[in-house]
């Protein structure tokens with residue numbers, strides 16, 4: 001029996017939101033997951049199924065983070081085996097990247113199929129830092145692949161055929177593939193069908209270690225995707241994710257998703273408006289919603305969570321009068337959020353009175369002004385009265401009345417008692 005840890009989509013160097021602490025979160029998640037589920041569990045090896053890094057070009061601090069974690073594993077006698085993902089793969093025509101740098105320093109084993117077009121075998125045993133597969137002392141064969149994009153089904157077919165020409169595996173076979181299966185997330189182009197990966201099973205793969213989709217899922221007892229170790233955006237916070245602690249033997253596969261490592265709390269709130277609220281009432285409703293979330297322990301200010309508040313619906317005032325940035329700052333201070341995202345997606349209340357086909361110009365103007373005023377919470381109760389006033393104002397302006405007279409009429413309309 002062999003035990004290993006399966007990770008994917010680590011994304012060291014994540015820099016969305018322009019927040020250094022948020023970038024650090026991805027390192028802390030990796031470090032803690034390895035300490036708890038690789039080193040403490042004394043696994044035989046660790047596999048990274050692509051996207052160790054967020055970018056192909058990384059900052060020195062990001063490289064240091066990777067080196068620190070990989071050295072910890074090496075000092076514990078645990079080999080780390082990795083493949084390139086779409087985020088960290090070498091550009092076309094390039095000979096090296098940062099994964100190759102780490103491999104040259106013997107901090108990880110980078111598995112890469114050969115260049116058949118250049119006369120290389122598709123799969124050769126890993127030796128002196130290069131090769132497409134490796135047979136480990138624990139009796140497991142680990143096979144690698146690359147990022148193939150839309151060409152993945154054809155590449156899988158070729159790799160499956162090449163596997164049948166290799167020497168027999170010493171035991172179970174683990175295959176690393178950075179691609180996603182269809183039906184897991186919406187709007188994902190290029191997802192693999194089960195029939196696309198089935199040739200790998202037929203060629204002897206016992207455990208297909210996937211990456212790429214940041215959501216945990218598994219299929220048919222041999223296909224496993226742990227998800228990203230941290231949410232890359234607010235939307236991903238609803239996905240289950242983690243790292244797989246796996247036992248593999250002749251009796252089969254036991255893969256347990258582990259989630260009890262460092263991850264920053266993400267809280268999503270929603271406020272639905274009805275169009276009856278004043279601007280001040282809407283602001284207070286947002287404040288109350290955050291206060292309630294704290295009181296009900298949905299969020300803990302001491303943890304500096306990431307918070308998203310969505311305000312949706314209709315408003316009875318000019319939507320641009322709402323000071324989103326000022327309220328965002330106030331709510332961030334109230335929640336002590338590391339990042340507070342305020343999504344303000346509202347429409348103005350719309351009214352549309354039915355008009356007769358033979359309505360006069362005056363009737364049409366009256367109804368249009370009434371509808372516009374009814375959509376504003378401040379003028380709604382006096383909509384019909386103010387509509388008459390606006391028509392009077394228009395007529396006087398067309399008659400060439402003085403600006404002073406027009407201004408006096410406006411003041412009279414706005415100051416009149418309800």
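Derivation of every value follows stated rules applied to the coordinates shown; laboratory data play no part. Remember, it's a predicted structure, so these values are computed and weren't measured experimentally. We place every Cβ from the backbone using ideal geometry, glycine too, and count neighbours over all the protein chains shown.
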How much length is gained on full extension from residue 258 to residue 392, taking 0.36 nm per residue of separation minus their Cα-Cα distance? 41.1 nm
Simple spin-label estimate for residue 285/residue 118, 7 Å along Cα→Cβ, in nm, reads 6.3
Give the order of 105, 126 when sorted by the count of other beta carbons within 10 angstrom, beginning with the fewest. 105, 126
Considering every Cα-Cα pair within segment 266-348, what fraction, in whole percent, is farther apart than 18 Å? 35
Residues listed by number, segment 266-293, amide nitrogen under 20 Å from residue 318 label point at 7 Å toward C-beta: 275-283
Taking a virtual spin label 7 Å from the Cα of residue 265 along the C-beta vector, which residues in segment 288-313 bring their backbone nitrogen under 12 Å of it? 293-307
Rounding to the nearest 10 and keeping the result within 0 to 90°, find how far the Cα-based axis of helix 60-75 lies from the longest principal axis of the chain. 40
Calculated FRET efficiency, residue 415 and residue 341, Cβ-Cβ r, R0 41 Å, to nearest 0.05? 0.50
Shape descriptor, segment 96-179: equivalent ellipsoid semi-axes (Cα gyration tensor, sqrt 5λ, whole Å, largest first) stand at 19, 18, 12
Final fewest-first order of 223, 229 on the 10 Å Cβ neighbour count is 223, 229
Label-reachable residues, segment 310-346, where backbone N falls under 18 Å from a point 7 Å from residue 381's Cα toward its Cβ: 316-317
Highest average packing first - 41-53, 280-292, Cβ atoms within 10 Å: 41-53, 280-292
Restricting to Cα pairs below 8 Å that are 6+ residues apart, what does the relative contact order work out to for the chain? Please round to a whole percent. 12
Taking only Cα atoms, what is the 0 to 90° angle, nearest 10, from helix 403-415's long axis to the longest principal axis of the chain? 70
Apply 1/(1 + (r/R0)^6) to the Cβ-Cβ distance of residue 292 and residue 63, taking R0 = 35 Å, and write down the FRET efficiency to the nearest 0.05. 0.20
Centre separation in Å (Cα based) which lies between segment 26-42 and segment 218-265: 14
Tell me the label-point distance for the pair residue 150, residue 408, using the 7 Å Cα-to-Cβ offset, in nm and rounded to one decimal. 7.3
Taking Cα atoms only, helix 152-163 is inclined relative to the longest principal axis of the chain by an angle, in degrees rounded to 10, of 10
Using only the alpha carbon atoms of the chain, find the Kirkwood hydrodynamic radius as the inverse mean reciprocal pair distance, in angstroms to one decimal. 25.6
Contour excess over end-to-end distance, with Cα ends at residue 251 and residue 399 and 0.36 nm allotted per residue: 43.8 nm
How high is the FRET efficiency from residue 186 to residue 15, r the C-beta distance, R0 22 Å, rounded to 0.05? 0.30
Report relative contact order for segment 202-321 in percent, whole number only (criteria: Cα-Cα under 8 Å, sequence separation at least 6). 20
